[in-house]
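Scroll down for the structure; my scribbles are underneath it.
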Amino acid sequence: MSEFNRFLGTEKYIASEPLRNAVNVAIALGRPLLVKGEPGTGKTLLAHNIARALDKQLITWNIKSTTKAKDGLYVYDTVQRLNDSRFGDRDVSDIKQYIKLGKLGEAFVSDEQVVLLIDEIDKADLEFPNDLLNELDEMTFFIHETGETIRAIHRPIVIITSNAEKELPDAFLRRCIFHYIEFPDRRMMEEIVHVHFPDIEENLLHEALKKFYRLRRIEGLKKKPSTSELLDWIQALIAGGVSQRELKSDLIFVGTLLKNEADLLCLQENEIV
Amino acid sequence: MFIDFFYTLRRNGVPVSITEWMTLTEALSRGLADSSLDTFYYLARSILVKSESYYDHYDLAFEECFNGIENYDRIRAKLRGLSEEFPEIREELLNWLRDPINSAYLSEEELQKLPKMELGELIELFMKRLAEQMGRHDGGSKWIGTGGTSPFGNAGQNPAGIRVGGTSRNRSAIKIAHQRKYQNLRSDLTLDVRQIKVALKRLRLLSKSGPEDELDLEETIDQTCKNAGEIELVFTKGRKNVIKLLLLMDVGGSMNPYAQLCSRLFSAANSSSHFKDFKYYYFHNSIYEHLYTDMARRERFLTEDFLRRFDREYRVIIVGDAWMAPSELVNRYGAVDYDDVCETPGIIWLKRMRDHFDHIVWLNPEKRDIWDRKSIAMIREIFPMFELTLDGLDDAVKELIGRR
């Protein structure tokens, strides 16, 4: 049991019990952990905090719409090699020097276990996750140019986040541990705010949370405010020296919570003040 | 018991595979479940369920398999937690306790005191009743919420979502599973933005276009060799989606019930960045002389201009219930809007639309069962019509991609 229950959250990051469980299962079984959830519920931060809590290095692979699976493994710099062949600067018969490892490759060859964050995997092409299946399963890949096989020295702890913009393929999902980060309830949210603002006045916090949850319950908001926006808002409230009474009568700094015009209009119609 | 769980999950529609089952077995054999049902619930969920839309199915299956094992502390905690967010819980509790079926167990004195009780007391009373009822009866009419009127009944659809036992199935059951708080994440019930987006993603035709900014390696090597080693970089055009999409939406009265569905479709299409061009317009009932860019402010322009402006390459999706008095479709001056003077009947306009564009479909939020109504049938003759559901959308996309 000592192997298990390793990740318990950090002083800056409150992880719910199911989430802790999922993380630890993923670590114990050596499977990638796929995290989904509303934007702003701390999916990316999770990886950072796992790295911190377990005192491991974090390697982040940010996925963009143009990212190819191969980019994460290695890049073969052909143009450089062609160029060198022309001027004879380097020994071009040594292909190895033109192979640059990608983030996944880096994580594999690292001397100690690292945390690898594959951020926003759904941004990439639909086929992207399938192309990584074998690499994540076996934790090895093959470099065609040199005939070399890169094998993970220590299986990295892989955290994958997704905003569900695209559905992920079944074959990929089957290999993952999955967790959906729920929106924190009020009690948990209080804890989270306390972690970030230990000195916050209780009255202000209560009023702010009351307003915040009421705001979230308005039907028809395009983008419901999330944890990160709440934290920004509270910071603004504290910095602005807003008192509980002022907040009670008016939603101050609402711009930190609602980010588009339609939502602000919607708020006016609903008049939650 | 565990094998049963596997099949119960599958029967409940959770797509569990053997691979995942083996993973769970491995986890269990390593003692990761900690011999606790709670931990097991989360452990199994994180391994077996791969989308939050199946959390609800999972809850149902779990409840079916493992009922009668948990205690009441969890409901109590849940009630307290919920009451902070939903003040109306107190009312619900009161109502439940007052219900003749339940109040039969309360003394006169207790009944009198009910309205004045603190929330905490109410919860305690509720828990006591719950425990007594569960102890005394093996089902039957005195069970909690058999009438389905209270939020705690098995038919309760309260947003707070507490379900405390069904009549015969559960005695105490697993409360976490029982609460079914993931109910609104089920994907078979509604079409959400993500799913629409995924369906729309398939609406693509790749072709080489744009600036020449990708290195063509093969060609570069060829050219370099021909150049006797002098490097010659050859660039090529990237492959881009060339689909241009027009979305025309009916926003009239009869479409109001589907407003949310339509706005989901709209936001999915609008935020899908892979179209070469995307434009949207509104109309009311049928397309007449004008199309609207903003219905509320009545900003509009001539449909003729619309046809001139967009070439036949554009893919067109029309969303509407197509349900109106036939006169609104075939009569001159048939438009219901008084300021839309339409000399040409709507049906002619619709035919012009069809003749102009190569790919055009009609999505109808109304169920297929009523598609034999006059106006719908008439419009169906003009356009390929699909239901505004995920399957319908898939088929519509196929139609839009298909060669003409």
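If you line up the long axis of helix A:43-54 against the longest principal axis of chain A, both from Cα atoms, how many degrees apart are they, to the nearest 10?
Taking the Cα atoms of chain A, the angle to A:43-54 is about 70 degrees.
Could you give the Stokes-Einstein D for the range A:17-181 in µm² per second, using the C-alpha Kirkwood radius, 10 °C, 1.306 mPa s?
95
Taking a ≥ b ≥ c as the square roots of the Cα gyration tensor eigenvalues, with a/c under 1.5 meaning rounded and otherwise prolate when a/b beats b/c, else oblate, which class fits the range A:1-61?
rounded
Quick one: divide the alpha-carbon radius of gyration of the range B:286-328 by 2.2 N^0.38 Å and tell me what you get.
Compared with the compact-globule rule of thumb, the range B:286-328 sits at 1.33.
Could you list the GluC sites (Glu not before Pro) in the range A:220-273 that lie in coil according to DSSP, counting only those with at most 13 other Cβ atoms within 10 Å of their Cβ?
Details: sites: A:Glu229, A:Glu246, A:Glu261, A:Glu269, A:Glu271; in loops: A:Glu271.
Listed in order of number, the matching sites are A:Glu271.
How large is the helix-only mean residue ellipticity at 222 nm for chain A, computed as the sum of -39500 (n - 2.57) over DSSP H runs with n ≥ 4, divided by its residue count, in deg cm²/dmol to the nearest 500? Write down the numbers at each step before the final one.
On the way: 12 runs with 118 residues, N = 273.
Value at 222 nm, helices only, nearest 500: -12500 deg cm²/dmol.
Using the 10 angstrom Cβ neighbour count as an exposure proxy, how do A:Leu126, A:Leu168 rank, fewest first?
The order, fewest Cβ neighbours first, is A:Leu126, A:Leu168.
Rounded to whole Hz and in sequence order, give me ³J(HN,Hα) for the range A:251-268 from the Karplus expression 6.51 cos²θ - 1.76 cosθ + 1.60, θ = phi - 60°, writing x for Gly and Pro.
Whole-Hz 3J(HN,Hα) from phi for the range A:251-268: 7, 8, 6, 5, x, 6, 9, 10, 10, 9, 4, 4, 5, 5, 4, 4, 5, 4.
What angle, in degrees between 0 and 90 and rounded to the nearest 10, separates the Cα long axis of helix A:186-196 from the longest principal axis of the Cα atoms of chain A?
So the helix axis and the longest Cα principal axis differ by about 70 degrees.
Applying the Karplus parametrisation 6.51 cos²θ - 1.76 cosθ + 1.60 with θ = phi - 60° to the phi angles of the range A:63-76, what ³J(HN,Hα) value in whole Hz is obtained for each residue in order, glycine and proline being reported as x?
Those phi angles translate into 8, 10, 5, 9, 5, 10, 4, 5, 4, x, 7, 7, 10, 9 Hz.
Rule-of-thumb check for the range B:243-319: C-alpha Rg over 2.2 N^0.38 Å?
1.08
Can you sort B:Cys65, A:Cys176 so the residue with the fewest Cβ neighbours within 10 Å comes first?
B:Cys65, A:Cys176
Expressed as an acute angle from 0 to 90° and rounded to the nearest 10, what is the orientation of the C-alpha long axis of helix A:227-239 relative to the principal long axis of chain A?
50
What is the set of long-range amide H partners of B:His290 at a cut-off below 5 Å, with H atoms built 1.01 Å from backbone N?
B:Thr303
Residues with amide H under 5 Å of B:Leu248's amide H, sequence separation 5 or more or different chain, H placed in the peptide plane at 1.01 Å from N; which?
The answer is B:Tyr281, B:Ile317, B:Ile318, B:Val319.
Rounded, prolate or oblate: which fits the range B:242-401 when a ≥ b ≥ c are the square roots of the eigenvalues of the alpha-carbon gyration tensor, with rounded for a/c under 1.5 and prolate only if a/b beats b/c?
Rounded shape, in that the Cα axes give a/c under 1.5.
Could you list which residues have their amide H under 5 Å from that of A:Leu34, counting only those 5 or more apart in sequence or on another chain, with H placed in the peptide plane?
A:Ile160, A:Ile177, A:Phe178, A:His179
Select from the range A:9-117 those trypsin sites (Lys or Arg not before Pro) which occupy a DSSP coil region and have at most 15 other Cβ atoms within 10 Å, ordered by residue number.
Here the trypsin sites (Lys or Arg not before Pro) that fit, given the DSSP loop and packing criteria, are A:Lys12, A:Lys64, A:Lys68, A:Arg90.
Every number in this text was worked out from the coordinates using simple rules, so none of it is lab data. All of these numbers come straight from a predicted model, not from anything done at the bench. So basically every Cβ, Gly included, is an ideal-geometry build from the backbone, and we count neighbours across all protein chains shown.
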